[in-house]
Amino acid sequence: MDGSTTASVVAFVLYLAVMLGMGLWFMRRNDDVGDFAIGGRRLGTFAATLSAKATDSSSWVFLGLPGAFYVSGMQNVWMIIGLTVGFYVSWRVVAGRLREDTEHGFDWRSGRRAESVTLPAYLANRFHSDAVRLVSAVVILVFYVVYLGSGLVATGVMFGQVFGVSSTTGILLGAAVVMLYSSLGGFLASSYTDVVQGVLMFVSLAVVSVVALVSLGGPAAVAQSIGDANPDLASPFVEVALVDGQWVSGSSVAVVAIVSALAWGLGYFGQPHILARFMGLRTAASTKGARRIGVFLSVTLLGFGGVIGMLAVAYFGPDLANPENGYAQLVTELLPSWLVGVFLAGILAAIMSTADSQLVVAATTLSEDFFRAFVKRDATDRTVVLISRATVVLVSVVAVAIALRGGTVLGLVSYAWAGFGAAFGPVILAALYSRRTSRVGALVGMLAGGLTVVLYPLVDPIGLYELVPGFAAGLLGVWVGNRLGPEPSRTVREQYDAVRSGAPAPAEAATA
């Protein structure tokens, strides 16, 4: 066992011990499903922002994003711009209202104030419909197993790089570790491990970028190397592709490609694991500072990911066997053996730390929005938490099956990201800002958005990212459903107004 492998083993074992310790610690604080699902709304501003950014970034920022820049250059900068703007706007227009609505809303059956701790529960209470809850829960489970699969694909790649095992073994080991501490600690464990992950991501990407830049002779030398490979790699306006070992320029980047890249930002409005961070905030007022921190994190983390991809072009030329392995290869080539193990094992841990957030949301959806909502309404919180822990195993098994089928990290992430953004984004915006939105509008919007993401790639004539037509179909579905279906009841509208004003609804006051 060489120094690199020894350091990898030591770093990973230490990380695992810390994660299990955090899981056991937070297990003691999971007294009810609200604690397990959204941490009892105890998440501070910095922790929420860093956790949200790390959760949506880790595996594909180290693998998929550098791979995209390595293959096609600066045309991918539009994706970074779209994601940064989307992250900021989601904190500005969604976070505060969703935090307040989910705490101070109403239980639609009793008419009394009751908090919602899952996204399907919030939508059901907002629109007075079990059908809305059921459809939203199904959407979450379908797209989450794909999303979680992308994280497990990443663990397979990194386990192979760190320990020299097969990708299949890496996927299975990664799933086992994540499954263990996610089932113990729930939301708080996943959130605070994501804080550690976020710091680790920032330091790792920055260090590797600086070391690679110095090793290559500085910015001028890097620019020369990229120019020798293909000068159009440095242009955000020219299409470039890696074909048969060389970068080939195409036409100008089409408007469709720019729109598709910018549209990634729309996905933030519908990602359940990010919306859960909004719901778990300690106060709604903290969103102002959070969005400023978020812009900085988005620009730096995503920017470093792109820089890594361009540095891989300069360092390896077209000889990198797997474009998504650029970061790991630079670490292996440039850092001392003992530090290689620490960096690679740390990033492996960070990748798995994102998967836990997805597991927690999927598990609470199964337990709270299927089991308690439709199987046993009088189930105790203790029972629901136990069911949540058990369903972590079920979701993990399905995600492993998807990961073993193969696919790129970025490809799997982009599909799940589009599915959530299109199915939930328009409906969440309508729920928060329109008192006239009805349960029919919400149902049609979710179905139209989600199904469009599934079906559009089968007929796509122009290469448009499916999130664009999916989000548009979701908005159109909400509008059509509102026009053709019955209007929201008087109680629904009164409860919406009461949440906005902070006053009791008439029905609530009458039963008080």
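The values are calculated or read from the model by the stated rules, or taken from the named source; none is laboratory data. Owing to the predicted nature of the structure, the values given are computational and were not obtained by experimental measurement. All Cβ positions, glycine included, derive from the backbone under ideal geometry; neighbour counts span all protein chains shown.
A few remarks follow.
- Flag for Ala418 being surrounded by 24 or more Cβ atoms within 10 Å (Cβ to Cβ), among the hydrophobic types (A, V, I, L, M, F, W, C) and closer than 26 Å to Asn125 by Cβ: no
- Residue among Val222, Val196, Val210 that alone is part of a helix (DSSP H, G or I) and surrounded by fewer than 19 Cβ atoms within 10 Å (Cβ to Cβ): Val210
- Qualifying residues in the stretch 454-491 (those that are touching a Pro at 6+ places or on another chain (Cβ under 8 Å) and closer than 16 Å to Val256 by Cα) - the one surrounded by the fewest Cβ atoms within 10 Å (Cβ to Cβ): Tyr456
- Only listed residue being charged (D, E, K, R), at pLDDT 90 or above, surrounded by 23 or more Cβ atoms within 10 Å (Cβ to Cβ) and under 25 Å from Gly445 (Cβ atoms), chosen from Arg97, Arg126: Arg126
- Pair list, Cβ under 6 Å, 6 or more apart: the stretch 310-322 residue touching a residue at least 12 places away in the same chain (Cβ under 8 Å), other residue assigned to a helix (DSSP H, G or I) and surrounded by fewer than 22 Cβ atoms within 10 Å (Cβ to Cβ): Val313/Ile226; Val313/Ala229; Ala314/Val222; Ala314/Ser225; Ala314/Ile226
- For Ala350, the stated conditions hold: it is under 25 Å from the mean Cα position of the chain (by Cα), modelled with pLDDT under 90, within 21 Å of Ile80 (Cβ to Cβ) and of a type in the set (Gly, Ala, Ser).
- Taking each residue of the stretch 254-282 that is farther than 15 Å from Ala423 by Cα and touching a residue at least 12 places away in the same chain (Cβ under 8 Å) and looking for partners that are surrounded by fewer than 24 Cβ atoms within 10 Å (Cβ to Cβ) and basic (Lys, Arg) with beta-carbon atoms closer than 7 Å, six or more apart or interchain, yields Gly280/Arg41; Leu281/Arg41; Arg282/Arg41; Arg282/Arg42.
- Residues in the stretch 288-323 that are in contact with a Lys or Arg (Cβ under 8 Å, 6 or more places away or on another chain) and farther than 26 Å from Ala220 by Cβ: Arg291, Gly294, Leu297, Ser298.
- Qualifying residue in the stretch 130-146 (condition: under 30 Å from Pro236 (Cβ atoms), within 15 Å of the chain's Cα centre (by Cα) and either assigned to a helix (DSSP H, G or I) or of a type in the set (Gly, Ala, Ser) (or both)): yes
- Of the residues making up the stretch 362-386, those that are among the β-branched types (Val, Ile, Thr), over 22 Å from the mean Cα position of the chain (by Cα) and within 18 Å of Ala276 (Cβ to Cβ) are Val384, Val385.
- Leading residue by the ranking (surrounded by the fewest Cβ atoms within 10 Å (Cβ to Cβ)) among those in the stretch 353-373 that are acidic (Asp, Glu) and at pLDDT 75 or above: Asp369
- Residues in the stretch 453-468 that are assigned to a helix (DSSP H, G or I) and under 20 Å from the mean Cα position of the chain (by Cα) were compared, and the one that is farthest from Pro426 (Cα to Cα) is Val454.
- Residues of the stretch 233-252 that are part of a strand (DSSP E or B), crowded, with 17+ Cβ neighbours inside 10 Å and either out of contact with any Phe, Trp or Tyr (no Cβ under 9 Å at 6 or more places or on another chain) or aromatic (Phe, Trp, Tyr) (or both): Val238, Glu239, Trp247.
- Qualifying residue in the stretch 405-422 (condition: on the phi > 0 side of the Ramachandran plot and modelled with pLDDT under 75): yes
- Counting only residues that are in contact with a helix residue (DSSP H, G or I) (Cβ under 6 Å, 6 or more places away or on another chain) and among the basic types (Lys, Arg), the stretch 286-327 holds 1 of them.
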